[in-house]
Amino acid sequence: MYNVIYADPPWEQKGGRKLSGYKMDGDKQLWVPVDNKSLDLPYPTMSIDEIAAIPVKSIVAKDAHLFMWVTNKYLLESKAVIKAWGFKYVTCITWKKKKMGGGLGGMVRGTSEFLLFCRRGNLKATGIIPESVIEAKRPYVNGYPCHSKKPEVFAELIEQVSPGKRLEMFARNQRAGWDVFGNQVENSITFLTAPAPDTR
């Protein structure tokens, strides 16, 4: 049974505009769009009901922490997933993205994401308690931002504050000391139903 779940669900939404590249304006990274049409995300997404139906509740200890990423669009709806997985919402950490000139969204450019902290039972936090806003660069591959990938600082933070057996869901790589589940890694557990392979 797991004491710590770290999840980055593939929420169902549109991506940004098609770009011809990026340019820097001072310390800001600006998009160079080809047009204003929103694109589909480059990986399969899941509905709230599909995410909530993953039987996480059956693999967590009675005392456990959940750290779950959510986009601005699903901030309120994510409560259904938290409840279905057997947790209660406590607080969140906001990731302020460095050097972002654009972001997902129409009326407001989404240059932040939220890491929700939820609790089940009474697992005590350890180490240094983090601040509620963390500024970090987006992970890059070959000079371009890696879509949806989160900075390693957040997994390291979880290791500092949440003791016990850990599972990363929707993982992109193996992580020392963690079990992983996702369609880009060799799964540590097999009974969950993974979404179709993606290119994230």
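Data table
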quantity	calculated
Given (1) within 22 Å of residue 158 (Cα to Cα); (2) at pLDDT below 90, number of the condition residue 108 does not satisfy	(1)
Answer residue from segment 158-189, given it is more than 21 Å from residue 62 (Cα to Cα) and within 14 Å of the chain's Cα centre (by Cα) and is surrounded by the fewest Cβ atoms within 10 Å (Cβ to Cβ) among those	173
Criterion violated by residue 119 - all others in (1) at pLDDT below 85; (2) basic (Lys, Arg); (3) surrounded by 15 or more Cβ atoms within 10 Å (Cβ to Cβ) satisfied	(1)
Residues of segment 42-73 classified as farther than 21 Å from residue 167 by Cβ and assigned to a helix (DSSP H, G or I), total	3
The listed residue being more than 22 Å from residue 126 (Cα to Cα), out of contact with any His (no Cβ under 6 Å at 6 or more places or on another chain), modelled with pLDDT of 90 or more and not hydrophobic (A, V, I, L, M, F, W, C), out of 88, 83, 73	83
Count of residues meeting criterion [assigned to a helix (DSSP H, G or I) and without any contact (Cβ under 8 Å) to a residue 24 or more places away in the chain] in segment 148-194	4
Which listed residue is of a type in the set (Lys, Arg), loosely packed, with under 12 Cβ neighbours inside 10 Å and either at pLDDT below 95 or closer than 17 Å to residue 158 by Cα (or both), from 37, 97, 18	37
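The values are calculated or read from the model by the stated rules, or taken from the named source; none is laboratory data. Worth saying up front: this structure is predicted, and the values here are computed from it rather than measured. Methodologically, a virtual Cβ is constructed for each residue, glycine included, from the backbone with ideal geometry; neighbour enumeration extends over all protein chains shown.
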